[in-house]
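Encoded as structure tokens, the structure appears first; notes follow it.
The values are calculated or read from the model by the stated rules, or taken from the named source; none is laboratory data. These numbers were taken from a predicted model, which means no experiment stands behind them. Counting neighbours? That spans all protein chains shown, and the Cβs are built from the backbone with ideal geometry, glycine included. Heads up: the accessible areas ignore ligands, DNA and RNA and are worked out on the full protein's heavy atoms, side chains in. Shrake-Rupley method; radii C 1.70, N 1.55, O 1.52, S 1.80 Å.
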Amino acid sequence: MVFVGIQFGAGWYEKLVVVPLWSDAPPDRMLGIMHDSGMYSAGRVFWPFVSPVVALLAVVNLVLAWRATSPNRRWWLAGSSLMTVYAVFSYGYFVPQMLLFQSGGDQWSAQEIESFATWWTGLNYVRMLIGGLGWLCALRALSLSSAPEVEVEAQPETAESGPHRMQPGPG
């Protein structure tokens, strides 16, 4: 949960503070502004150490949740599934696209740069939604992890306890 929280918080910070610094820049200046914004260095110093841990933990938790019989299984499975999708989305699209842009974007046309920025920033909302839902599901699973399992005994219905007996109201 700690790594997911760090990743999610850093992702929102980047989305709300750093990405706007470069995403609306003119195409001929976008790469330079991105570099000056700190996004370039974060992609080489911060994200390579946080994201793989979250991805690995998501897959491990997906396997563990699949095999679990605990009361929090559904939330655990939902959270780990969503975080696995988040990781696949990140490593399948976001990381490769950003690395391509940062390593060769100075050779791209203005139209290619604008298309990259539009798609990358637009799809990032979807990715952040998936990550946020995954984090919330994981938090719910964690909150239920210490809940005792409750067994309810079936009791035979009587005329007084049957489903159609009206209960007196308060007062």
Shape call for the stretch 1-117, from the Cα gyration tensor axes a ≥ b ≥ c (a/c under 1.5 means rounded, otherwise prolate when a/b beats b/c, else oblate), comes out prolate
Within the stretch 1-74, what whole-number % of the accessible surface is contributed by carbon and sulfur, with the 1.4 Å probe and all protein chains included in the calculation?
68 percent
Modelled label reach - Gln107, point 7 Å along Cα→Cβ, the stretch 28-43 residues with backbone N closer than 12 Å:
none
Computed label-point distance, nm, for sites Val45 and Val126 using a 7 Å Cα→Cβ extension
3.2 nm
So between Lys15 and Gln97, what do we pick up on full extension, going 0.36 nm a residue minus the alpha carbon distance?
27.9 nm
How much length, in nm to one decimal, is gained on full extension between Leu142 and Val2, taken as 0.36 nm per residue of separation minus their Cα-Cα distance?
49.2 nm
